[in-house]
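All of the numbers you see were taken from the coordinates with simple rules; none came from a lab. Keep in mind it's a predicted model, so treat the numbers as computed, not measured. Cβ placement follows ideal geometry from the backbone for every residue including glycine, while neighbour counts extend to all protein chains displayed.
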Amino acid sequence: MKNLKISFIVIVLLTFFIHVEKMEAASGQTYEVGANILHVREDPAGDARIIGLLNKGDKLTAFGEQYGWVQTYYGGSTAWVAKHHLIPTDSAVTTASSDQAATTKASESTTAGQITVTAPSVNIRSGPSLDHAVIAGSVQGETFHTISVSGDWVNIKLPNEDTGWIAAWLTSSQTNMASTSETATETGTTQVASASTEQVESSANSSLSGFNIVLDAGHGGKDPGAIGLSGIHEKDLVHQTTNTIAQVLRNYGATVIETRTSDYYSSLDERANLSNAYDTDAFISIHYNSFPIVSVQGINTFYYSDAGYQLGKHVHSNLSSTVPLTNRGLGQTGYKVLRNTDAPAILLELGFITNPYDLSVIQTADYQQTVAESIAQGLLNYFH
């Protein structure tokens with residue numbers, strides 16, 4: 001009996017030390033807030049009570065992580081913030097230090113070049129496709145040294161010396177590679193020439209001027225759409241998001257026609273007829289999803305025709321590479337609003353309002369702005 005008691009105590013102590021070791025291993029990482037305003041919550045959930053606010057540039061130290069939320073201290077108490085709004089402080093790379101590192105290691109590299117992230121936020125993956133796991137994230141303006149290229153993907157060196165893959169179409173330099181690194185890093189000539197050429201091409205292809213885009217904010221009025229956590233209505237989130245998308249597309253020069261501009265009901269036939277009355281170049285219907293099982297989450301893009309597939313391929317590729325939600329893929333379906341619209345048409349499901357994590361992301365202005373910029377970039381790639 002005595003031996004059993006001793007064994008039990010040893011097991012408890014081992015469990016304790018293992019737990020402490022894991023907590024220490026997960027603690028100590030410092031982050032900088034990337035969103036303009038970040039809610040600090042009592043628990044790791046989008047509907048948890050808000051106990052404070054952080055502003056862009058604020059720093060915090062994490063000592064735990066759970067379900068995409070980071071645990072920290074706020075006002076002397078434990079608190080939680082959404083991790084996708086945080087930037088590891090060791091991820092900042094200055095141009096000077098990057099150039100010095102490139103020169104020092106020129107003889108070790110097989111390529112020379114740099115890329116700069118142009119989208120608001122971008123996923124970095126373990127391999128050169130959307131099917132590979134997300135291993136890190138990046139924000140607009142961050143610069144990386146390139147290692148190699150595979151199709152539309154660039155292998156980059158991360159600040160912690162690991163490597164990852166980033167979508168080339170979300171960067172300012174898509175083919176900034178040299179056959180040898182020494183010439184490029186010693187003189188900088190190859191890099192400057194590539195960058196100049198790409199800036200000219202980018203300015204020629206960075207406008208949506210002359211294109212008519214119909215934005216269809218799903219549901220409205222007597223039709224609330226899906227009902228999410230805390231009784232939130234899909235129609236309200238859709239309206240907010242569509243307003244943001246419309247503004248961004250207009251900033252790119254597009255002529256934007258909206259099927260509804262406030263909270264009123266419009267039938268599916270009326271929406272399609274409005275689009276068909278114009279010389280519409282693309283029809284995009286905006287929605288949020290729901291499901292009885294709370295764990296279901298992520299984004300989808302749907303199309304009906306071959307032309308819709310081509311449009312959907314470009315838009316979904318940009319969305320799934322930039323938003324911090326699960327990629328549920330691109331699929332064909334016979335939704336009436338897609339069947340009855342003459343223009344290339346797609347329907348976007350931008351997350352589940354019945355999933356706590358998705359909803360916490362969806363409701364932020366940062367997410368809606370990222371969605372808008374991603375759609376604009378997808379349209380640019382489609383048209384040009």
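Quick rundown of the values:
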{"item": "Sites Asp43 and Asp152 - FRET efficiency at Förster radius 51 Å, r taken between beta-carbons, to 0.05", "result": "0.80"}
{"item": "Cα→Cβ-extended label distance, 7 Å offset, between Gln66 and Ile135, nm", "result": "2.9 nm"}
{"item": "Positive minus negative residues near Leu54 (Lys, Arg vs Asp, Glu; Cβ under 15 Å)", "result": "0"}
{"item": "Per-bin percent of Cα-Cα distances, region 228-313 [5 Å]", "result": "3, 10, 18, 23, 23, 14, 7, 3, 0"}
{"item": "Calculated FRET efficiency for the pair Ser207/Thr116, C-beta based, R₀ 30 Å, to 0.05", "result": "0.90"}
{"item": "Cα-Cα over 28 Å, subset of Lys59/Lys157; Lys56/Lys222; Lys59/Lys235; Lys83/Lys336", "result": "Lys56/Lys222; Lys59/Lys235; Lys83/Lys336"}
